[in-house]
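Read through the structure below, which is laid out as structure tokens, and then see the notes.
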Amino acid sequence: RLQENRERLSVCSKLCYAVGGAPYQITGCALGFFLQIYLLDVAQVDAFYASIILFAGRVWDAITDPMVGFFISKTPWTRFGRLMPWIMFSTPFAIISYFLIWFVPDISTGQVMWYLVFYCAFQTLVTCFHVPYSALTMFISREQSERDSATAYRMTVEVLGTVLGTAIQGQIVGKVDTPCIGNPFFFSLSNSSVSMEELNMTHDTESLTDTRNAYMIAAGVIGGLYILCALILLLGVKERRESSELQSDEPVSFFQGLKLVMNHGPYIKLIAGFLFTSLAFMLLEGNFALFCTYTLGFRNEFQNILLAIMLSATLTIPIWQWFLTRFGKKRAVYVGITSAIPFLIAVVLLESNLFITYMVAVAAGISVAAAFLLPWSMLPDVVDDFKLQHPSSRGHEAIFFSFYVFFTKFTAGVSLGISTLSLDFAGYQTRGCSQPDQVHFTLKMLVSAVPVGLILLSLLLFKLYPIDEEKRRKNKKALQDLREESNSSSESDNTELASIV
């Protein structure tokens, strides 16, 4: 009991830890919901090249996760810890590269390379922030209950971060009208019509400039929040080396550790299940703005619909935390993720109606909350199970977290690139006021049919996940016994040494 009291975290510590997860979600949500439509309709990048930017950026983002995990495992401990210096030094460069993503350069050639370079640079730098932050879960306390509680705080703040990202980006950008272009085949060739067209083009240019400025203002506000959250994390959380290490542990090399981690059955089954779940929600996230704008016809409402999803998710995170504590994490997975299916189907089958769309958005947010909370709540259980099976191996927390993120990001990059490319094949018209029927059909498939299929596949994989509540309680007790045995052995050695002296 005394040991548990020492491991307890204060509410202030949990809040400071939770705030550190906001920057990744704020920027990730802004990029996920708005980058595709920004590249196509504001920066006016061809759909084919936009698909290359989105695909390459996401895949590079995935590759950097295990790279950063490798370098973290080789990082020596400092007086600030092993993880905190990564967070500290990556923050200012990440903010600069993020701002430049939303800047339209005044160059006729090389625009694609501009976005590709700065998108990849930002993904690398934000990975240097998020991978050590994710692994920090294992270094704030040894108590499962405290880690689960801190994770619930973190997920609440992270979903709140998605709300902020959606609200800041959507509301600032939504204040200006992005001009669209009608069908050029119907332009008249008379002099008066040409003059009117020149006037309309001048107005469109001014409107487009206002839209680009709005995107940069939003990027500046989000960058300021990034700095504030990073400072709160650095000043309010202490990285505890002893929280994750047994005194009898001996270090193992990164590649040996990687082999051990990838051979751990519960880890593979867990990431396989969440791989398809995250893929489903990534497809929905990446294409929902286009779906609302063109298929549903809510060009001036899509940012508010996105905000409704994120607000609903934020408010239901505490409910899901209570549910998994009361009924278990596996059951929470089945109930939480399955609840999204009828609403994903309804938004496509029902007639375009703003009220119904808002109702579907609120209901879908409940499922988004479960998808946010559960992976990060279940990963520490897998790490504990690994420690029991490999008690002589330590320092692999970053591998567990970074490779989970790697697999989800890699598949998300592939899916987002393919979805944008499929829009190009369907005949997507950049800055068009309307789109062909093939584009509408493609968008319906990307936000409904494909995500539903991926969710059903993930539920089948979760059946194979072996760590239920009984197994989790046994692992907790076994780890406590192992630590007590290690501590008592160390104390007896010290007593014997003192008597000899």
Within segment 72-90, restricting attention to residues that are farther than 17 Å from residue 138 by Cα and either at pLDDT 85 or above or in the same structural domain as residue 403 (by the TED database) (or both), which residue is least open to solvent (accessible area, probe 1.4 Å)?
90
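Would you check if residue 147 is more than 25 Å from residue 166 (Cα to Cα), basic (Lys, Arg) and not in a loop (DSSP other than H, G, I, E, B)? Break it down stepwise before answering.
Details: more than 25 Å from residue 166 (Cα to Cα): yes; basic (Lys, Arg): yes; not in a loop (DSSP other than H, G, I, E, B): yes.
Yes; evaluated as a whole, the condition is true for this residue.
Which of the residues belonging to segment 340-352 are in contact with a helix residue (DSSP H, G or I) (Cβ under 9 Å, 6 or more places away or on another chain) and surrounded by fewer than 17 Cβ atoms within 10 Å (Cβ to Cβ)? First the steps, then the outcome.
Step one: list which residues in segment 340-352 are in contact with a helix residue (DSSP H, G or I) (Cβ under 9 Å, 6 or more places away or on another chain), which gives 340-350, 352.
Answer for segment 340-352, where residues must be in contact with a helix residue (DSSP H, G or I) (Cβ under 9 Å, 6 or more places away or on another chain) and surrounded by fewer than 17 Cβ atoms within 10 Å (Cβ to Cβ): 342, 345, 346, 349, 350, 352.
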Quick check, is residue 259 within 26 Å of residue 369 (Cβ to Cβ) and either open to solvent by 20 Å² or more (accessible area, probe 1.4 Å) or of a type in the set (A, V, I, L, M) (or both)?
no
Condition first: under 20 Å from residue 335 (Cβ atoms) and assigned to a helix (DSSP H, G or I). Now tell me which residues in segment 465-482 satisfy that.
469, 470, 471, 472
Collect the residues in segment 37-67 that are open to solvent by 10 Å² or more (accessible area, probe 1.4 Å) and among the aliphatic types (A, V, I, L, M), keeping them in residue-number order.
37, 52, 56, 59, 63, 67
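If I go through segment 292-307 residue by residue, how many of them are β-branched (Val, Ile, Thr) and farther than 22 Å from residue 426 by Cα?
The first filter runs over segment 292-307 and keeps only residues β-branched (Val, Ile, Thr), leaving 293, 295, 305.
Now restrict to residues that are farther than 22 Å from residue 426 by Cα: 305.
Here the count works out to 1.
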Show the residue pairs that are 6+ apart or on different chains and have beta-carbon atoms under 7 Å apart, the first residue being within segment 304-331 and in the same structural domain as residue 22 (by the TED database), the second being open to solvent by 10 Å² or more (accessible area, probe 1.4 Å) and modelled with pLDDT of 85 or more.
none
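Taking residue 10 as the residue in question, decide whether it is surrounded by fewer than 20 Cβ atoms within 10 Å (Cβ to Cβ), modelled with pLDDT under 85 and among the small types (Gly, Ala, Ser). Steps first, please.
Values: surrounded by fewer than 20 Cβ atoms within 10 Å (Cβ to Cβ): yes; modelled with pLDDT under 85: yes; among the small types (Gly, Ala, Ser): yes.
Yes; evaluated as a whole, the condition is true for this residue.
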Any residue at all in segment 30-51 that's closer than 24 Å to residue 151 by Cβ and polar (S, T, N, Q)?
no
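The values are calculated or read from the model by the stated rules, or taken from the named source; none is laboratory data. None of the values given here were measured: they were computed from a predicted structure. FYI the Cβ positions are ideal-geometry reconstructions off the backbone, even for glycines, and counts take in every protein chain you see. Heavy atoms of the whole protein, side chains included, go into the accessibility calculation; ligands, DNA and RNA do not. Shrake-Rupley method; radii C 1.70, N 1.55, O 1.52, S 1.80 Å.
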